[in-house]
1. Given the convex hull of the Cα atoms of the chain, what is a quarter of its surface area in nm²?
2. Label points 7 Å out from Cα along the Cβ direction at Y12 and D64: separation in nm?
3. Rank by packing, highest mean first: peptides 38-44, 2-8, with packing defined as the count of other Cβ atoms within 10 Å averaged across residues.
4. Peptides 55-66, 22-33: what's the order by average Cβ count within 10 Å, highest mean first?
Amino acid sequence: TSPEGTYILTAYCIMEGATVADSIRVYRDIGPLTVCIYNGYREQTVSIEWQSDRVVVINGIVLDLSRGESYDWRR
């Protein structure tokens, strides 16, 4: 949860199996919906640090949630 409680994030380690590497996905809870804001490939751990109530650093990637920013390793 962000410092002022504006944003709630949930992180998952996705273990696909022998032929696909592990990945980290972080979702932002928006009411009853969840939106993937971070999709990192070949990652097994997650570090989430809040710089402010709206800016978060996930595994070294800076995202401004108020601007709808996201990260996907495929793009």
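1. Result: 5.2 nm².
2. Taking the two extended label points, one gets 2.9 nm.
3. Ranking, from highest mean packing down: 38-44, 2-8.
4. Packing order, densest peptide first, comes out as 55-66, 22-33.
Only the coordinates and a few stated rules stand behind these numbers; no lab work does. From a predicted model like this one, the values you see are computed outputs, not experimental measurements. Counting neighbours? That spans all protein chains shown, and the Cβs are built from the backbone with ideal geometry, glycine included.
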